[in-house]
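Asks: The structure's right below; bear with me while I get my questions together.
The values are calculated or read from the model by the stated rules, or taken from the named source; none is laboratory data. Bear in mind that the values here come from a model prediction, so they are computed numbers and not experimental data. With ideal geometry, Cβ positions are generated from the backbone for all residues, glycine too; neighbour counts draw on all protein chains shown. Side chains included, ligands, DNA and RNA excluded: accessible areas come from the protein's heavy atoms. Shrake-Rupley method; radii C 1.70, N 1.55, O 1.52, S 1.80 Å.
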Amino acid sequence: MNPILVLGAGPAGLSAAAETAALGAPTILVERESYLGGNPKRWHYSLLAPDLRPSDEVLGPLIAKVEGNPNVTLRRSTTVSRAERLERGYRVTLTTGAAQETQEVSAVVLATGFDHFDSHRKFEYGYGRYPDVLDFKELEGMIHDDKVLRPSDGKPPRRIAWILCVGSRDLQVGNPWCCRMGCAVSIKQAVEIRQKHPEIDAYVYYMDIRTYGLWEDLYWKSMQEYGVKFIRGRIGQVTLAEGGSRLLATGEDTILRRPTEVPFDMIVLASGMEPGTGTKEAAALFGVPVGPEGFLTPTLSDLNPVDSGLPGVFLAGAATGPKAIPDSVTEGMGAALRAYQYARR
Amino acid sequence: MPIVEKSLVTVDRTEHLEIEGIDVSGDWNSFLRSRVQVDLDVRVLDWVRSQPQGDTISRCWQCGTCTAGCCLHTDYGLTDFNPRYFIYLAQVGYEEELRKYSSTIWRCVSCNKCVERCPKGVKVEEVVHTIGSYLEATGGAPESPADRFDRAYTENLLRRGILDEADLFRTYERGEGRTMPAREMLRMGLTLLRSGRLRTGPLAHRTRGWRRFGAVLRAKLEEDERRRRESAGAVARAGGGPR
């Protein structure tokens, strides 16, 4: 049997490759970056919502399953530059630096993932202009290293605000969808900071809190145990407060029914998820249909959530839409099974 | 517990009352007016949605981005002006509450920051004006000094096609029951008249061809007014309304 190709080594891809390998199928795991773990690794995610487990404890075992696995060929810093459909499977060209190699594969799992929304595009929030306006993936790194300090002067902040739905649910930037994890991750960050530094006040500006399903517990806990505060309203702009040392968040507290201009030491933007670069490239390469949002579209999102509709091409993880890590891991398993069935036929 | 919100208290005051030799004068029958909203009126939303400038109202999800940037708060201190809240009242149908703002709602200066920022593509400025039109067309709005000034201004302008400031000031102030400090006004007025800066009465400016143009303008204004009333009347007749 020709090997099964898994594209992308984030949670979904790692999970898919681990499962095809466990089924005994030779597997090629291709990753654009030099490391495994995808976005969580790239941005040094700290604890993962909702169980607040360190990301290394989640990704570590997944990575261990593929590294040194005799059935898995790891191809780091590699992309697929060509794909040609054969009668059964595909002939793909793998590019590593200047080196190219052609390989026949029996089935393909696209686990090409998402990119974080570029917060520069939401220019009203001053990201890139004011150093103390952070993207929440940057704060992840800070929390991970326990160095939550203002980039402008290196001092610890007294009061932090999170702005939810940055680049999500927003027609102005063309992203009408919900990123599904922004609420939970922001609340989790606030909890982490309050755990270690109860002297820092944490405020979350929200429209709706979407800690769906069992994640609601995190939302409740954040208020009841960690005193995180929630203000219902979307921030309209961030400017410098008088004196220029603090940030001024202008919004409406819709429950107070008045506009508010509140100074903060740090403002964190919960940037949403967009179809990843790799996802767009894979869509073009294999001819997978994409929806109006730019994510890959499974044939039936309920019955065939991992089927692309193309023979031998299967989908997993955030390539088909914003997704949390547990869901991505599950889809990786599903796609692995479907790919294995196809390859064995 | 003391009642803090005095405006909600109505009082029967008895100045001198003595029963069987005991003085019982004072406040009687004090009670709170109900704060409970007892009905919802879908006519507002139906009408606003039916207007070409108002149909984006149904996109609004009440995030408050519009009010956050509204310059009526920041630059003009008009704290009663809250576009997000107006839209909410109209969406849900709190008609009575909305009517309290029937004068304030016209204060929008159309800077359009709200439209620029709205994440849902609500044309906030147009929608708010449309809600105002509804309130105006369906009447019952308490007239404010600003409304009366607007009317005096329009009538003044329609007479000659150019404003006669002295006459506008005189008419409006008189209508409000105020008198002007005659001596000071006279001194300023005479100076202005002499310099030719102010022309009023027989000396007032005229607009060439105003008789014809003014007639067209008047007819157009009357037609607009008629249409607005018809449209609002049609909505009222078509049912909907409180149910």
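Asks: Among the strands (runs of 3 or more DSSP E) confined wholly to segment A:96-201, which include 1 or more residues that are in contact with a Phe, Trp or Tyr (Cβ under 9 Å, 6 or more places away or on another chain) and within 14 Å of chain B (Cβ to nearest Cβ)?
Replies: Values: elements: A:99-105, A:107-110, A:114-116, A:133-135, A:159-166.
In segment A:96-201, A:159-166 are the strands (runs of 3 or more DSSP E) which contain 1 or more residues that are in contact with a Phe, Trp or Tyr (Cβ under 9 Å, 6 or more places away or on another chain) and within 14 Å of chain B (Cβ to nearest Cβ).
Asks: Just for segment A:257-311: of the residues that are among the acidic types (D, E) and outside any strand (DSSP E or B), which one is modelled with the lowest pLDDT? Don't jump to the end; show me each part of the working.
Replies: Within segment A:257-311, the subset among the acidic types (D, E) is A:261, A:265, A:274, A:281, A:293, A:302, A:307.
If we keep only those that are outside any strand (DSSP E or B) as well, we get A:265, A:281, A:293, A:302.
Numbers: A:D265: 97, A:E281: 96, A:E293: 93, A:D302: 87.
Only one residue fits best here, namely A:D302.
Asks: Of all residues in segment A:231-246 being assigned to a strand (DSSP E or B) and open to solvent by less than 70 Å² (accessible area, probe 1.4 Å), which is farthest from A:I163 (Cα to Cα)? Reasoning before the result, please.
Replies: Start the filter on segment A:231-246 by keeping residues that are assigned to a strand (DSSP E or B), which leaves A:231-232, A:235-240.
If we keep only those that are open to solvent by less than 70 Å² (accessible area, probe 1.4 Å) too, we end up with A:231-232, A:235-239.
On the way: A:I231: 10, A:R232: 11, A:I235: 7, A:G236: 10, A:Q237: 11, A:V238: 10, A:T239: 14 Å.
Per the stated criteria, the residue is A:T239.
Asks: Counting only residues that are within 7 Å of chain B (Cβ to nearest Cβ) and open to solvent by 30 Å² or more (accessible area, probe 1.4 Å), how many does segment A:247-257 have? I'd like the intermediate steps shown before the answer.
Replies: We begin by selecting, within segment A:247-257, every residue within 7 Å of chain B (Cβ to nearest Cβ); these are A:250-252, A:254, A:257.
In the following step, the residues that additionally are open to solvent by 30 Å² or more (accessible area, probe 1.4 Å) were identified as A:257.
Residues that pass the stated criteria total 1.
Asks: Kindly evaluate B:D150 against the criterion of being free of Cβ contacts under 8 Å to residues at least 12 places away in the same chain, closer than 30 Å to B:R212 by Cα and more than 14 Å from chain A (Cβ to nearest Cβ).
Replies: The answer is yes for B:D150.
Asks: Continuing with the same structure: Quick one: which helices (runs of 4 or more DSSP H) sit completely within segment B:158-243 and have at least 2 residues that are of a type in the set (S, T, N, Q) and at pLDDT 85 or above? Walk me through how you get there before you give the answer.
Replies: Working: elements: B:165-175, B:182-195, B:210-237.
Result: B:182-195.
Asks: Scan segment A:141-180 residue by residue and report those that are farther than 19 Å from A:P275 by Cβ and open to solvent by less than 30 Å² (accessible area, probe 1.4 Å). Let's see the steps before the verdict.
Replies: In the first step, residues of segment A:141-180 are kept if they are farther than 19 Å from A:P275 by Cβ; the result is A:141-164.
Those that are farther than 19 Å from A:P275 by Cβ and open to solvent by less than 30 Å² (accessible area, probe 1.4 Å): A:G141, A:I143, A:V148, A:R150, A:P157, A:I160, A:A161, A:W162, A:I163, A:L164.
Asks: For segment A:70-89, indicate whether the set of residues that are open to solvent by 20 Å² or more (accessible area, probe 1.4 Å), under 29 Å from A:C179 (Cα atoms) and not in a strand (DSSP E or B) is non-empty.
Replies: Checked against the condition, which is being open to solvent by 20 Å² or more (accessible area, probe 1.4 Å), under 29 Å from A:C179 (Cα atoms) and not in a strand (DSSP E or B), segment A:70-89 yields at least one hit.
Asks: Across segment B:164-185, what is the total count of residues that are farther than 19 Å from B:Y153 by Cα and under 33 Å from the mean Cα position of the chain (by Cα)? Full working, then the answer.
Replies: Here is the first cut: in segment B:164-185, the ones farther than 19 Å from B:Y153 by Cα are B:181-185.
If we keep only those that are under 33 Å from the mean Cα position of the chain (by Cα) too, we end up with B:181-182, B:184-185.
Residues flagged as farther than 19 Å from B:Y153 by Cα and under 33 Å from the mean Cα position of the chain (by Cα) within segment B:164-185 amount to 4.
Asks: Sticking with this structure for a sec: Which members of segment B:138-158 meet the condition of being surrounded by 15 or more Cβ atoms within 10 Å (Cβ to Cβ) and more than 18 Å from the chain's Cα centre (by Cα)?
Replies: The answer is B:N156, B:L157.
Asks: Then there's this: May I ask you to list pairs of residues, at least six apart or on different chains, whose Cβ atoms are under 7 Å apart, with the first in segment A:224-247 being within 13 Å of A:A202 (Cβ to Cβ) and the second being of a type in the set (D, E, K, R)?
Replies: Going by the 7 Å Cβ cut-off, the qualifying pairs are A:Y226/A:R194; A:G227/A:R194; A:V228/A:R194; A:I231/A:D253.
Asks: Ok, one more. Taking the criterion of being facing chain B (nearest Cβ under 9 Å) and open to solvent by less than 70 Å² (accessible area, probe 1.4 Å), would at least one residue in segment A:209-230 satisfy it?
Replies: Within segment A:209-230, the first condition is being facing chain B (nearest Cβ under 9 Å), and the residues that meet it are none.
No; the residues of segment A:209-230 include none that is facing chain B (nearest Cβ under 9 Å) and open to solvent by less than 70 Å² (accessible area, probe 1.4 Å).
Asks: Can I ask one more? Got a sec? Which of B:L45, B:L72, B:L98, B:L78 is touching a helix residue (DSSP H, G or I) at 6+ places or on another chain (Cβ under 8 Å), under 19 Å from A:R257 (Cβ atoms) and open to solvent by 30 Å² or more (accessible area, probe 1.4 Å)? Steps first, please.
Replies: Details: B:L45 fails: under 19 Å from A:R257 (Cβ atoms); B:L72 fails: open to solvent by 30 Å² or more (accessible area, probe 1.4 Å); B:L98 fails: open to solvent by 30 Å² or more (accessible area, probe 1.4 Å).
Answer to the selection: B:L78.
Asks: Quick check on segment A:2-56: of everything there that is touching a residue at least 60 places away in the same chain (Cβ under 8 Å) and among the charged types (D, E, K, R), which residue is farthest from A:A335 (Cα to Cα)?
Replies: A:R32
Asks: Out of segment A:174-187, which residues are more than 17 Å from A:A318 (Cα to Cα) and at pLDDT below 95?
Replies: A:G174
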